[in-house]
Structure formats: C-alpha cells, structure tokens
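Written out below as structure tokens is the structure these notes cover.
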Amino acid sequence: MGFLRIRTTVDERPGRLASLASALAARGGNILGLSVQSDSDGTVDEFIADIPAHPETVREALEAAGGRRVQVVPATAHELTDEPTRALLLASRLRAMPWRLPELLAELLRADDARWVYGDCVSDLPDPTLLVVPVAQRRAVRLRRAGLPFTLTEAARAASFARLAQPAAEPTGSERAIKLADGVEVTVRPLTSIYREAVRDLHDRCSPESRRFRYFTAMPALPPRTFDKLCDRSKGYSLVAGHDGQVVGMANLQFTPDPGIAEIAFLVEDRWQGRGLGTAMARMLVGVARDLGCAEVRATMLSDNARMRRLLLSMGATLGYSEDPGVVEARLPVATMVSA
C-alpha cells in the first residue's frame with residue numbers, strides 16, 4: 001500500500017469524475033483527498049489515494065477512463081492535512097514574517113524551489129513546471145516544481161497569498177477617476193440599481209452594431225431581469241463609467257459554474273470607443289476577478305468584433321474558436337497580472 005498524488009486533465013462533461021473514481025476503486029484505491037482545479041485546456045482533478053497498484057497501472061487505468069496527461073507521484077501522510085487549514089496557518093506565518101514569502105509560497109504549493117527574481121523575469125517560452133508570481137512591477141517570486149505542472153487555480157492561490165505580504169491597497173472595485181488619452185476624465189463606479197435609467201439610456205445611444213457585439217443580437221433595450229442580474233453581487237460584479245451625468249460604458253463580470261472561471265463583457269457608447277475607456281474598464285474588472293479569487297476570465301465574442309479581440313490580446317489573452325465558427329473565445333489568466 002502507498003500514498004499517491006494523482007492528477008489528470010478531463011473534459012468538462014458530466015460523469016467524468018465518477019468514471020475516474022471508479023477506475024481507482026477497481027485498482028483497490030481508497031481516495032483520501034480530492035480537489036478540482038481549473039487549467040488552460042480543461043479541468044484538473046487531483047486525488048490523494050492510498051492504492052496498492054503500481055503508478056504506471058494507475059496512469060493507464062485513468063487514461064482508459066477518459067483522463068488526459070495523467071501524472072502520478074508519491075505522496076506522504078503529511079499531505080492529508082486539511083488544505084484550507086494548512087493555507088490559513090501559512091497565511092498567519094506570512095503576516096508575521098512577510099520577508100519569507102518565497103519560502104512560504106513554496107510550502108503552499110509544494111514547490112521544489114522558490115526565489116526572488118527581478119526585472120524581465122517571464123520567459124517567452126512557457127514552462128508549466130515554472131510559476132512566476134508578481135509582487136510588484138519589477139519584482140516577483142519564481143517557483144519550480146518538477147513533478148507536477150502548475151494549474152491556473154494554483155496560480156490564483158499563489159497570487160492571493162502573495163498579496164497578504166503587501167501593503168493594503170484601495171479596493172479595485174471602488175469609485176475611481178480615469179483620465180483617457182485625450183485628457184477627458186471619466187468616473188468608474190460599481191453598478192447598482194440606481195443606474196437603471198442611465199444604463200437604459202446608454203443602450204438607446206449605442207448603435208445596433210455595438211449592441212450586437214455585446215449581446216449577439218441588436219437588443220434595443222436591456223430587459224429588467226437582465227439588469228437585476230448584473231447588479232446581483234452573488235452572480236458577479238459590474239462597473240459603469242460616467243461622464244457629464246451620463247453612463248458612457250459598462251463592464252460586466254459574471255460567475256460561471258466552472259470553479260475559478262468568470263465571464264467578462266463590455267458595452268461602450270460608440271463615440272467613446274477607441275479612446276482607451278474599454279481597456280481601462282477591462283483592467284479594473286480583471287482586478288476585481290483576481291480579488292474574488294478567480295483563476296481565469298473568459299470572453300465570448302463574435303468573430304468580426306476586431307476591437308474586442310485587440311483589447312484582450314493586448315492584455316495577454318489567448319483566442320480560440322468555439323463550436324460556432326462565427327464565435328471566438330478569449331481566455332485570460334488573471335493571477336499573473338500586477339495591479340497598476
């Protein structure tokens with residue numbers, strides 16, 4: 001009998017987890033710990049199991065059950081510690097000794113090595129066994145773990161952990177004045193129900209094409225139920241940009257059923273497009289997603305929405321086509337972004 005840490009990437013389909021658990025049980029495995037994490041191309045299921053089978057046998061069984069990139073490494077009984085409790089204890093130590101951030105990050109993620117790096121520390125060739133955790137504009141912690149590649153969820157955990165060692169900052173989602181490239185100043189605030197009429201007027205002033213890019217249809221008005229959903233903090237977080245008594249832009253973050261994943265979308269009045277407002281609101285919204293513990297934000301857009309594609313690519317997103325050839329999906333990891 002031996003403890004094993006087992007990771008496998010699976011497609012996001014109902015019943016996949018049950019298939020993997022059954023495959024382990026068929027090899028005499030007793031699952032003692034389970035976590036579900038988000039990654040760039042699927043969901044990562046991680047098991048801690050007491051199992052008599054050889055690691056190669058375990059790998060073959062999970063691949064037959066639908067797992068991809070199955071990795072099996074030895075584990076110890078110490079790794080059965082309750083993960084939230086372990087993270088809270090490490091956080092307590094970090095608050096007392098913030099200068100030990102690299103060491104404690106390594107302990108949090110069970111990394112083999114952790115060290116400070118400065119300047120241009122991110123390689124152009126991504127290595128999944130390396131994780132760079134930004135701490136400031138020109139300062140970061142680089143972690144290495146040879147046995148298991150890092151997931152997007154682990155990157156989000158590391159970024160949240162690192163922020164405990166930094167001075168308190170103004171909440172990202174609070175009111176904020178933004179000066180655009182042409183010198184005009186707008187004010188960005190969280191969306192609440194008091195903006196119902198102003199958001200209705202924004203839709204009235206937007207062209208059918210702008211509304212089509214936002215809703216995939218030239219929606220003439222925003223249904224009251226949809227507006228209420230955008231204001232509901234249990235379902236997401238939204239921002240509005242105002243100038244001279246009018247709402248001129250809206251940015252929405254909506255939670256999804258996938259753990260650690262949120263959807264973002266934007267609507268900017270036509271005469272305010274191309275002036276940097278969308279980019280500023282996007283960066284604020286991604287900051288909110290990071291504060292809320294999201295590992296990744298996604299945006300679904302029509303393939304002819306060139307302005308939206310350029311915006312997200314400039315922030316480091318990757319693009320891919322969906323099952324509909326006219327629809328593009330952008331995916332942006334948020335944990336590696338440094339606050340402005």
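The values are calculated or read from the model by the stated rules, or taken from the named source; none is laboratory data. Note that the structure is a prediction, hence the values are computed from the model and not measured. Neighbour counts run over all protein chains shown; Cβ positions are idealised from the backbone, glycine included. These accessible areas exclude ligands, DNA and RNA; they are computed on the full protein's heavy atoms, side chains included. Shrake-Rupley method; radii C 1.70, N 1.55, O 1.52, S 1.80 Å.
Within the range 31-88, the only residue that satisfies the criterion of being open to solvent by 50 Å² or more (accessible area, probe 1.4 Å) and on the phi > 0 side of the Ramachandran plot is R69.
Would you check if F255 is over 22 Å from V36 (Cα atoms) and touching a residue at least 12 places away in the same chain (Cβ under 8 Å)? No, not satisfied.
Quick check on the range 33-55. Is at least one of its residues over 18 Å from T81 (Cα atoms), assigned to a helix (DSSP H, G or I) and out of contact with any Pro (no Cβ under 6 Å at 6 or more places or on another chain)? Yes, the range 33-55 has at least one match.
Looking only at the range 1-13, how many residues end up being exposed (fewer than 13 other Cβ atoms within 10 Å of the Cβ) and within 22 Å of the chain's Cα centre (by Cα)? Break it down into steps so the answer makes sense when it comes.
Taking the range 1-13 first, the residues exposed (fewer than 13 other Cβ atoms within 10 Å of the Cβ) are 1, 11-13.
Filter once more, keeping what is within 22 Å of the chain's Cα centre (by Cα): 11-13.
Result for the range 1-13: 3.
Within the range 111-130, if we keep just the residues that are surrounded by 13 or more Cβ atoms within 10 Å (Cβ to Cβ) and within 18 Å of Q166 (Cβ to Cβ), the residue that is modelled with the lowest pLDDT turns out to be C121.
Counted as qualifying within the range 251-340 are the strands (runs of 3 or more DSSP E) with 2 or more residues that are open to solvent by 50 Å² or more (accessible area, probe 1.4 Å) and either at pLDDT below 90 or among the hydrophobic types (A, V, I, L, M, F, W, C) (or both), namely 318-321. Just so you know, in the range 223-246 the residues that are over 27 Å from the mean Cα position of the chain (by Cα) and over 21 Å from R283 (Cα atoms) include one that is most open to solvent (accessible area, probe 1.4 Å), and it is D244. Taken over the range 164-195, residues that are surrounded by 16 or more Cβ atoms within 10 Å (Cβ to Cβ) and modelled with pLDDT under 85 amount to 3. Could you tell me whether any residue of the range 89-106 is in contact (Cβ under 8 Å) with a residue 24 or more places away in the chain, touching a strand residue (DSSP E or B) at 6+ places or on another chain (Cβ under 9 Å) and part of a strand (DSSP E or B)? There is no residue in the range 89-106 that is in contact (Cβ under 8 Å) with a residue 24 or more places away in the chain, touching a strand residue (DSSP E or B) at 6+ places or on another chain (Cβ under 9 Å) and part of a strand (DSSP E or B).
Contact map, the range 218-243: residues that are within 19 Å of P208 (Cα to Cα) paired with residues that are among the charged types (D, E, K, R), Cβ distance under 7 Å, separation 6+ or inter-chain. Pairs shown: A218/R211; A218/R212; M219/R211; A221/R200; L222/R200; F227/R196.
Report yes if R16 is over 25 Å from I261 (Cα atoms), of a type in the set (D, E, K, R), in contact (Cβ under 8 Å) with a residue 12 or more places away in the chain and open to solvent by 30 Å² or more (accessible area, probe 1.4 Å), otherwise no.
no
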